[in-house]
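> Here's a structure for you.
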Amino acid sequence: MSEDEKTELTCDALFDGELSIWQHKKGYRFGLDALLLATDLPEISEDATVVELGAGQGAVALSMAYQNPKWRIIAVERQPSLLKLLRRNIEENELSNLEVIAGDLRNHRDLLTPHCADLVVCNPPYFAPGDRRPSPVRERAEARHELHGTIGDFIAASAYVLQQRGWLKIFTPPGRMMDALDAARATDLCTAQLRFFHAFEDDDAYLVDYRWRRGGAPDFAVRPPLYIYQSRGIYTEEVARRVGRERR
């Protein structure tokens, strides 16, 4: 990303303007999946520690910190340009329960505290090498393609940081489902739930929501599908509620 591109920013508002997210106009930009990742979370304690791996400019971490002020949120990010935005967004939104760890999650044993988290959330890069041409904008390419870490790396780091009975929630496209499940089987994470997201009722699934539990019982459920739109441009009731302006 050029210096000119880095200086072109937009500020997007969430929660009726109470939360503002600065992001690069031509870089990696958060979407609906980030807002869905930050909601419909497993039940954890009021004073829980939550880790987001690959936090980007902070849309997920900031949303969780805003909605759950007693949680301790730790946002882990590697890209310097996104780290700068992440820190700015935390400062401008005055979120004292959100902290940043700068570094590569593949070095999680040196970077992170083991068994400290009640919940880990992450939205790993969707595309394996060769799946499709990366964006010419480096920030976007590194966020969307496995150039610096695979789904397996994210899951291994999650298993390391989770405490016993802790939860992991991640999203992947359906085409990466076997990669995700194989990576989890290499750890002590137990698959608890799957849920498939569809744009409309008649569409194929475009995203998979996984929940794993560290040391959990071997119970498994496929939850009812989530449909994003009831008609073009109009969210379904659940999605509207989850991306709405309610505060817990």
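The values are calculated or read from the model by the stated rules, or taken from the named source; none is laboratory data. Because the structure is predicted, anything quoted here is derived from the model rather than measured. Virtual Cβ from ideal backbone geometry, glycine too; neighbours counted across all protein chains shown.
> Can you give me the number of residues within region 222-244 that are touching a strand residue (DSSP E or B) at 6+ places or on another chain (Cβ under 9 Å), exposed (fewer than 11 other Cβ atoms within 10 Å of the Cβ) and at pLDDT below 95?
1
> Right, something else. Exactly one of these conditions fails for CYS11: (1) touching a residue at least 60 places away in the same chain (Cβ under 8 Å); (2) farther than 22 Å from LEU162 by Cα. Give me its number.
Only one criterion in (1) touching a residue at least 60 places away in the same chain (Cβ under 8 Å); (2) farther than 22 Å from LEU162 by Cα is unmet by CYS11, namely (1).
> May I pose another question? What's the number of the only condition in (1) at pLDDT below 95; (2) closer than 24 Å to ILE101 by Cα; (3) under 19 Å from the mean Cα position of the chain (by Cα); (4) surrounded by 15 or more Cβ atoms within 10 Å (Cβ to Cβ) that ARG138 fails to meet?
Condition (3) is where ARG138 drops out.
> Here is a check on your reading of the model: is GLY58 under 28 Å from ARG195 (Cβ atoms), touching a Pro at 6+ places or on another chain (Cβ under 9 Å) and of a type in the set (Gly, Ala, Ser)?
Numbers: under 28 Å from ARG195 (Cβ atoms): yes; touching a Pro at 6+ places or on another chain (Cβ under 9 Å): no; of a type in the set (Gly, Ala, Ser): yes.
Judged against the criteria, GLY58 is not a match.
> Please verify whether GLU91 is without any contact (Cβ under 8 Å) to a residue 40 or more places away in the chain and either surrounded by 14 or more Cβ atoms within 10 Å (Cβ to Cβ) or assigned to a loop (DSSP other than H, G, I, E, B) (or both), treating the condition exactly as stated. Steps first, answer last, please.
Values: without any contact (Cβ under 8 Å) to a residue 40 or more places away in the chain: yes; either surrounded by 14 or more Cβ atoms within 10 Å (Cβ to Cβ) or assigned to a loop (DSSP other than H, G, I, E, B) (or both): no.
Against the criterion (without any contact (Cβ under 8 Å) to a residue 40 or more places away in the chain and either surrounded by 14 or more Cβ atoms within 10 Å (Cβ to Cβ) or assigned to a loop (DSSP other than H, G, I, E, B) (or both)), GLU91 does not qualify.
> So if I check each of LYS26, LYS70, which one is basic (Lys, Arg), out of contact with any Gly (no Cβ under 9 Å at 6 or more places or on another chain) and at pLDDT 95 or above? Even if it seems obvious, please write down each step before you answer.
On the way: LYS26 fails: at pLDDT 95 or above.
Going through LYS26, LYS70 in turn, just one is basic (Lys, Arg), out of contact with any Gly (no Cβ under 9 Å at 6 or more places or on another chain) and at pLDDT 95 or above: LYS70.
> If a residue counts only when it is surrounded by fewer than 22 Cβ atoms within 10 Å (Cβ to Cβ) and either over 18 Å from the mean Cα position of the chain (by Cα) or among the charged types (D, E, K, R) (or both), which strands (runs of 3 or more DSSP E) contained entirely in region 1-76 have at least 3 such residues? Walk me through how you get there before you give the answer.
Details: elements: 9-14, 19-24, 49-53.
In region 1-76, the matching strands (runs of 3 or more DSSP E) lie at 9-14.
> Tell me, which strands (runs of 3 or more DSSP E) lie completely within region 160-238 with 3 or more residues that are over 22 Å from MET64 (Cβ atoms)?
Here the list reads 189-198, 229-231.
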